[in-house]
Amino acid sequence: MKKNLVVLASGSGSNLQALIDATISGKLDANITGFIASKPGIGAISRAEKAGIPSCVINRTSFETENEFANSLLTAFRDLRADYIILAGYLIKIPVNVIQKWESRIINIHPSLLPDYGGKGFYGLNVHRAVIRDKQKFSGCTVHIVNEEFDKGPILAQRSVPVLENDTPESLAARVLEQEHILLPQTIQQLIKKTFP
Ligand code: GAR
């Protein structure tokens, strides 16, 4: 039986698109049964709708407590019959009790070579700014299992790219993103088929 994936995102959704494309081409042998946006109006929602994937918005700011937010996520995961939760550019912290209930089944992609440039404040372009500021020769992306320590869960796979002398945060982000689009579907496929090298 194919595994069910529920994808969460906060932005343009190019990683969501990479997952959709991989399920269509057969490189990823799974069903995306639902998409959850962290706020209304983001590009990822139109990508999900275009692909016929049921989507909804679960906005942290519309809940009074962390617990209500957590319950809303848990209910959606159950209703969408999720086997794995994929954070594909999701910029909101997942509540601890959700991580505990879904232990080892929440997967995140991060735009750096973790453990470097992870944790609080390191997301999106902030990561690439810091990498350039520190004159690193290489950067990349990491797919890891989410645990209670922010960006510190077990690493499943990484891909690296060179940092060029004239790189801007935007040009580096674009080079890393190309690799994310390869790494994320490939790693999920290995995870669900249990074919890690
Ligand atoms: C991606 O670069 C992803 O790695 C990053 O957000 C971007 C989303 O792009 N995630 C994080 O920074 C998580 N800490 P996308 O919406 O085009 O997929």
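Among the residues of region 93-116, just one is within 13 Å of the ligand (Cβ to nearest atom), farther than 24 Å from Ala174 by Cβ and open to solvent by 30 Å² or more (accessible area, probe 1.4 Å), namely Lys93.
Residue pairs whose Cβ atoms lie under 7 Å apart, sitting 6 or more positions apart in sequence or on different chains, and linking a residue in region 64-81 that is in contact (Cβ under 8 Å) with a residue 12 or more places away in the chain to a partner that is open to solvent by 30 Å² or more (accessible area, probe 1.4 Å), are Phe69/Arg60; Phe69/Phe63; Ala70/Asn97; Ser72/Phe63; Leu74/Lys101; Ala76/Cys56.
Within region 19-37, how many residues are part of a loop (DSSP other than H, G, I, E, B) and in contact with a helix residue (DSSP H, G or I) (Cβ under 7 Å, 6 or more places away or on another chain)?
Looking only at region 19-37, we keep the residues that are part of a loop (DSSP other than H, G, I, E, B), and these are 26-29.
From what is left, the residues that are in contact with a helix residue (DSSP H, G or I) (Cβ under 7 Å, 6 or more places away or on another chain) are 27-29.
The number of residues fulfilling the criteria is 3.
For region 1-14, which residues satisfy the criterion of being open to solvent by 10 Å² or more (accessible area, probe 1.4 Å) and either more than 10 Å from the ligand (Cβ to nearest atom) or within 11 Å of Pro185 (Cβ to Cβ) (or both)? Residues satisfying the conditions are Met1, Lys2, Lys3, Asn4. Screening region 158-189 for residues that are in a strand (DSSP E or B) and open to solvent by 20 Å² or more (accessible area, probe 1.4 Å) and picking the one that is farthest from the ligand (Cβ to nearest atom) gives Pro162.
Please specify each residue of region 141-152 satisfying the condition of being in a loop (DSSP other than H, G, I, E, B) and surrounded by 14 or more Cβ atoms within 10 Å (Cβ to Cβ). Steps first, please.
Quick first cut of region 141-152, residues in a loop (DSSP other than H, G, I, E, B) only: 146-152.
Val146, Asn147, Phe150, Asp151, Lys152 - these are the residues of region 141-152 that are in a loop (DSSP other than H, G, I, E, B) and surrounded by 14 or more Cβ atoms within 10 Å (Cβ to Cβ).
Counting the residues of region 48-72 that are of a type outside the set (D, E, K, R) and under 25 Å from His181 (Cα atoms) gives 9.
Might you check whether a residue that is farther than 22 Å from Arg159 by Cβ, surrounded by fewer than 16 Cβ atoms within 10 Å (Cβ to Cβ) and out of contact with any Ser or Thr (no Cβ under 8 Å at 6 or more places or on another chain) occurs anywhere in region 81-92? No, that holds for no residue. Going through Ala76, Ala70, Ala130 one at a time, which residue ends up being modelled with pLDDT of 95 or more, under 24 Å from Ser160 (Cα atoms) and part of a helix (DSSP H, G or I)? Result: Ala130 is the single residue among Ala76, Ala70, Ala130 that is modelled with pLDDT of 95 or more, under 24 Å from Ser160 (Cα atoms) and part of a helix (DSSP H, G or I). Check whether at least one residue in region 20-39 is of a type in the set (D, E, K, R), within 16 Å of the ligand (Cβ to nearest atom) and open to solvent by 10 Å² or more (accessible area, probe 1.4 Å), and report yes or no. Within region 20-39, one or more residues are of a type in the set (D, E, K, R), within 16 Å of the ligand (Cβ to nearest atom) and open to solvent by 10 Å² or more (accessible area, probe 1.4 Å). Residues in region 117-140 that are surrounded by 13 or more Cβ atoms within 10 Å (Cβ to Cβ), closer than 18 Å to Gln158 by Cα and away from the ligand (no atom under 13 Å from the Cβ): 1 in all.
State yes or no: is Ala22 of a type outside the set (Ser, Thr, Tyr) and touching a residue at least 60 places away in the same chain (Cβ under 8 Å)?
Numbers: of a type outside the set (Ser, Thr, Tyr): yes; touching a residue at least 60 places away in the same chain (Cβ under 8 Å): yes.
It is true that Ala22 is of a type outside the set (Ser, Thr, Tyr) and touching a residue at least 60 places away in the same chain (Cβ under 8 Å).
The lone criterion from (1) under 20 Å from Leu80 (Cα atoms); (2) exposed (fewer than 14 other Cβ atoms within 10 Å of the Cβ); (3) within 15 Å of the ligand (Cβ to nearest atom); (4) not aromatic (Phe, Trp, Tyr) left unmet by Ala44 is number (2).
Determine whether region 68-79 contains at least one residue that is buried (at least 16 other Cβ atoms within 10 Å of the Cβ), within 16 Å of the ligand (Cβ to nearest atom) and among the small types (Gly, Ala, Ser). No: zero hits.
The values are calculated or read from the model by the stated rules, or taken from the named source; none is laboratory data. Only a predicted model underlies this, so the values are computations on that prediction, with no experimental measurement involved. Heads up, the Cβs are rebuilt from the backbone with ideal geometry, glycines too, and the neighbour counts pull from every protein chain shown. When the accessible area is computed, the model is the full protein with side chains, heavy atoms only, and any ligands, DNA or RNA have been set aside. Shrake-Rupley method; radii C 1.70, N 1.55, O 1.52, S 1.80 Å.
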